[in-house]
Amino acid sequence: QVQLVESGGGLVQPGGSLRLSCATSRFIFSVYAMGWYRQAPGNARELVSRIGPSGWTDYSSSVKGRFTISRDNAKSTVYLQMNNLSPEDTAVYFCNAQRSESEYWGQGTQVTVSS
């Protein structure tokens with residue numbers, strides 16, 4: 001069974017940093033585009049960032065310059081380094097794997113930015 005397990009969420013003060021990890025198993029990680037999405041209460045799930053198999057990256061305008069996505073194919077893990085966090089970044093963050101018609105999701109990790 002495919003697994004995507006997020007970790008690294010938590011409570012952080014405004015201006016702080018967090019690093020999310022998504023450890024995966026039971027699919028060929030290296031050929032999938034990996035992404036981070038988030039969903040705040042009352043809002044739709046939105047794309048935060050993606051990284052392709054070749055390493056191309058894509059960011060939403062709201063996080064560009066503050067967040068960095070990376071992947072380690074040897075560890076089948078994708079990361080999201082989040083800096084200069086603001087309360088607007090508070091959400092559940094989900095890991096996503098996508099290739100053609102195949103798509104997998106993690107269970108999510110809560111990120112709360114509050115003083």
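Odds and ends about this structure:
- Under the condition of being loosely packed, with under 14 Cβ neighbours inside 10 Å and either in contact with a helix residue (DSSP H, G or I) (Cβ under 6 Å, 6 or more places away or on another chain) or not in a strand (DSSP E or B) (or both), the residues counted in region 1-15 number 5.
- Index of the failed condition, Cys22 passing every other in (1) in a strand (DSSP E or B); (2) on the phi > 0 side of the Ramachandran plot: (2)
- Looking only at residues of region 100-115 that are open to solvent by less than 60 Å² (accessible area, probe 1.4 Å) and either part of a loop (DSSP other than H, G, I, E, B) or β-branched (Val, Ile, Thr) (or both), we find that the one that is farthest from Val12 (Cα to Cα) is Gly106.
- Residue in region 89-99 that is over 11 Å from the mean Cα position of the chain (by Cα) and loosely packed, with under 12 Cβ neighbours inside 10 Å present: no
- Taken over region 69-88, residues that are crowded, with 16+ Cβ neighbours inside 10 Å and either touching a Pro at 6+ places or on another chain (Cβ under 8 Å) or not in a strand (DSSP E or B) (or both) amount to 2.
- Exactly one residue among Arg66, Arg26, Arg50, Arg38 is closer than 22 Å to Gln110 by Cβ and open to solvent by 50 Å² or more (accessible area, probe 1.4 Å), and that residue is Arg50.
- Residue match in region 37-47 (condition: in contact with a helix residue (DSSP H, G or I) (Cβ under 7 Å, 6 or more places away or on another chain), touching a residue at least 24 places away in the same chain (Cβ under 8 Å) and not aliphatic (A, V, I, L, M)): no
The values are calculated or read from the model by the stated rules, or taken from the named source; none is laboratory data. Keep in mind that what you see is a predicted model, and the values were worked out from it rather than measured. So basically every Cβ, Gly included, is an ideal-geometry build from the backbone, and we count neighbours across all protein chains shown. Ligands, DNA and RNA are excluded from the accessible area calculation, which covers all protein heavy atoms including side chains. Shrake-Rupley method; radii C 1.70, N 1.55, O 1.52, S 1.80 Å.
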